[in-house]
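Reading through the structure tokens given below for one structure.
The values are calculated or read from the model by the stated rules, or taken from the named source; none is laboratory data. Only a predicted model underlies this, so the values are computations on that prediction, with no experimental measurement involved. Here Cβ is always computed from backbone atoms with ideal geometry, including for glycine, and neighbour counts include all displayed protein chains. For accessibility, only protein heavy atoms count, side chains too; no ligands or nucleic acids. Shrake-Rupley method; radii C 1.70, N 1.55, O 1.52, S 1.80 Å.
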Amino acid sequence: MRRFLEICENALTTLSLASIFFIMILTTIDAVGRYVFHLPVRGAYEIIQDYLMVIAVFFGICYAYRGGGFISVDFLVDRLPRQAKITLNTFSQVFCILLSVIFVWAAIKRCLRAIDLVENTPQLWNLPLWPSYAVIPVGLFFATIVMIVHL
């Protein structure tokens, strides 16, 4: 189970990094095209905003969690006795897991609603938005699993 989870985490992290790389490339090409050739990339903003940024953020959640990138209040907890630290950390971990489960459920409902309503990007290309909404519960689901294993 842990090996499978590690493979999934690495795949999500790789996709997140690839998304960031494509954001940099597309932004650079758009800026050069806009200011040098007066010919911007049509729909670059739409692709970056509606797809690539979502992938970068939600597929990178597991990596951020493993690296300690989440907000915490260590200056207060470090001053508590050992047993109080363990109790408080366990409580906060369980609370985060429950909150994450709620977010996964809400994200799945939002994705299904986008599919039912046939929501599309409002700008140039009129692309479907459901793939972007589908990325969110996947990233949050794996982050929840990582939190459960960590607990």
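If we sort 83-95, 42-54 on the protection proxy, mean other Cβ atoms within 10 Å, highest first, what's the order?
On the way: 83-95: 11.8, 42-54: 17.8.
Per-residue Cβ counts within 10 Å, averaged per peptide and sorted highest first, yield 42-54, 83-95.
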Relative contact order of the chain (C-alpha contacts under 8 Å, at least 6 apart) in percent is 30 percent
Calculated from DSSP helices alone, with each H run of at least 4 adding -39500 (n - 2.57) and the total divided by the residues of the chain, [θ]222 nm to the nearest 500 comes to -24500 deg cm²/dmol
If one compares the long axis through the Cα atoms of helix 130-150 with the longest principal axis of the Cα atoms of the chain, the angle in degrees, nearest 10, works out at 20 degrees
With +1 at each Lys and Arg Cβ and -1 at each Asp and Glu Cβ, the charge dipole magnitude of segment 78-136 around its Cα centre, to the nearest 20 debye, comes out at 340 debye
For LEU99 and ILE148, extending 7 Å from Cα along the Cα-Cβ vector and measuring point to point gives, in nm, a value of 1.9 nm
Here, ALA31 and LEU17, labelled 7 Å along Cα→Cβ, have an inter-label distance in nm of 2.3 nm
Labelled set (i) 17.2; (ii) 16.4; (iii) 17.7; Kirkwood radius over Cα pairs in Å computed from this model equals the value at (iii)
Excluding ligands, DNA and RNA, the carbon-plus-sulfur percentage of the accessible area of segment 32-75 with a 1.4 Å probe reads 69 percent
Averaged per residue, the 1.4 Å probe accessible area of the chain, protein heavy atoms only, in Å², is roughly 69 Å²
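When the chain is fully extended, how far beyond the present Cα-Cα distance does PHE70 get from LYS85, taking 0.36 nm per residue of separation? Walk me through the intermediate numbers first.
Working: separation 15, 0.36 × 15 = 5.40 nm, distance 1.76 nm.
Taking PHE70 through LYS85 to full extension adds about 3.6 nm, to one decimal.
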FRET efficiency (LYS109, PHE4; Cβ distance; R0 25 Å; to 0.05) is 0.40
Once all protein chains are kept in place, PHE22 shows an accessible area at probe 1.4 Å, nearest 10 Å², of 110 Å²
For segment 2-18, Karplus-derived ³J(HN,Hα) couplings (6.51, -1.76, 1.60; θ = phi - 60°; whole Hz; x for glycine and proline) come out as 5, 5, 4, 5, 5, 5, 5, 4, 5, 5, 5, 5, 5, 5, 5, 5, 4
With Cα coordinates, the longest principal axis of the chain makes an angle with the long axis of helix 82-117, in degrees rounded to 10, of 30 degrees
